[in-house]
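What follows is a single structure, written as structure tokens, with notes after it.
Nothing in this text is a laboratory measurement; each read-out follows from the coordinates by a stated rule. Remember, it's a predicted structure, so these values are computed and weren't measured experimentally. Note that each Cβ is placed from the backbone with ideal geometry, even for glycine, and that neighbours are counted across all protein chains shown.
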Amino acid sequence: MVKFYKRKYGNVYYDLSGPEDATVVIFLHGVGMDHRTFEKQKEGLHDQYRTLLIDLPGQHSQGKKCWP
């Protein structure tokens, strides 16, 4: 599930996937990066864990198309 959480300072992108009853693993990127940093980890964990990838405010996908 890819969504934007609307805030007064801008939209916060997040991608939540995996089994609803599984343990959640949260991925937060560093400066100059975005959620795509963790796509391979998400792919490897999505069957056993619920993964949450977040773009911090001001990063790549803030209100923009995320993928080419």
Fill in: Sequence-distant residues sharing a close amide H with residue 46 (under 5 Å, placed H)
none
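Take each of the peptides 46-52, 28-34, average the number of other beta-carbon atoms within 10 Å over its residues, and list them starting from the highest. Show your work: numbers first, answer last.
On the way: 46-52: 15.7, 28-34: 12.0.
Final packing ranking: 46-52, 28-34.
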Discussion item. Taking amide H atoms as placed 1.01 Å from N in the peptide plane, list the residues 5 or more away in sequence, or in a different chain, whose amide H sits under 5 Å from that of residue 18.
Written reply: 51
Discussion item. Just to check, using Stokes-Einstein with a Kirkwood Rh over alpha carbon pairs, what's the diffusion coefficient of region 2-54 at 20 °C and 1.002 mPa s in µm²/s?
Written reply: 184 µm²/s
